[in-house]
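Read through the structure below, which is laid out as structure tokens, and then see the notes.
All of the numbers you see were taken from the coordinates with simple rules; none came from a lab. Since the model is a prediction, treat every value here as computed from it, not as a measurement. Don't worry about glycine lacking a Cβ; one is built from the backbone with ideal geometry, like all the others, and counts go over all protein chains shown.
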Amino acid sequence: MTVIRRLNCFDAPKIKKMISYLGNDDGEKFTKAITGEAFIMLHAILPLKYKFLPESYIFLEKGEILGLITVVPTSGNPYKMNITRLIFQQNLYNVGKQLVEFVIARYGAKGATSFNVTVDQSHDELLNLFMQGCGFRQCSFENLWKLDNFKPLTNQKADYRYCQNSDAKAVARLYNSELKNLYKPSLERIKEEYKEPVFAGMTSFYKNRYVLEEPAKHRIISYLSITTTDNQNFIIDMSTNDGYNIPYDEIINFALDEIKRRKNVYFAFLKHRQYTKNADNLEKYLHDRNLNCIQTQCVLVKDFYKPVKQQENTLQVFLFGENELASN
């Protein structure tokens, strides 16, 4: 008999055994994260609109754990769910498929409108599982470039300031305006996604956020975030208005200086999102600086469709994102 249920604190020893192939540090970090999730049972009973922590589910057969999946609501927009972990026993892709379908059905019934996942482009089987098996579609790519031995052409730094919740609307507008039109329906963000989470201290990551204003008009022309999950590896992500020539050197100089204020020894990476208007210019800049792309991930999205109530003897119509449309 097979069962899919929520992870609980008694599953930790079995999970640790399941991931024993990982290195000591990776296995310990993973087990610690999973155990922490398993003990936060109150979060499981919250309505979807109040959820903010990861939730994990396991696939059991005859008492043995064959797979695990973790979903995390997007900060500020819990109706946009992110699949952040998918683990299953060797070659048991059907287990992975059932876990993905389970969370889509479960959270879709609670009101989720979309599900996102990023998969390394080299994992053909996993891409097929999501795209062919579960109906996800590929939007674009996200790359990580390691800022190793970075040598800027200038020592100047952009004059960023800390991002406030009052900036959220302008930052969301900036991000959405820089998306290529093809990707806007799936990847647009709302202003709540740029506000500081109420329970920021309980998240599994630490993020600093900054904005750059045009001096004369006090218009936000760039947004910058620096994120870390282990206080050692830092990911720099930026949105810039393509109508302004903001030197990338100055942006990266500012970001690295902010990281140095926190850590003396660190690893910094720049996120390159290929679905933005500035993607080609940024890629050329990174090549010109002789930096290395260490990871390319496919951005996969599945929109959860709901049938609109129709009168008898009429065509059945499906609308995408009617929750958001109804709120406008």
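Below are the figures for this structure:
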quantity: Sequence-separation-based contact order of segment 212-257, relative, with Cα cut under 8 Å and 6+ spacing, percent; calculated: 27
quantity: Label point distance in nm, residue 109-residue 260, each placed 7 Å from Cα along Cα→Cβ; calculated: 5.5
quantity: Ranking of 137, 106, 261 by count of other Cβ atoms within 10 Å, fewest first; calculated: 261, 137, 106
quantity: Footprinting exposure proxy for 123, 218 (fewest neighbouring C-beta atoms within 10 Å first); calculated: 218, 123
quantity: Burial ordering of 125, 178, fewest other beta-carbon atoms within 10 Å first; calculated: 125, 178
quantity: Relative frequency of Cα-Cα separations exceeding 19 Å in segment 33-152, percent; calculated: 53
quantity: Label point 7 Å beyond Cα of residue 93 along Cβ direction - residues of segment 123-161 with amide nitrogen under 17 Å; calculated: 123-138
quantity: Distance (nanometres) between label positions extended 7 Å along Cα→Cβ at residue 205 and residue 295; calculated: 1.0
quantity: Partners for residue 260 among lysines (Cα-Cα distance below 23 Å; same-chain residues under 8 apart left out); calculated: 146, 151, 157, 207, 271
quantity: Pair residue 213, residue 122: separation of 7 Å Cα→Cβ label points (nm); calculated: 4.5
quantity: Spatial separation of Cα centroids for segment 75-140 and segment 227-259, in angstrom; calculated: 29
quantity: Where only alpha carbons of segment 130-288 are counted, the Rg and the Dmax (Å); calculated: 16.1, 52
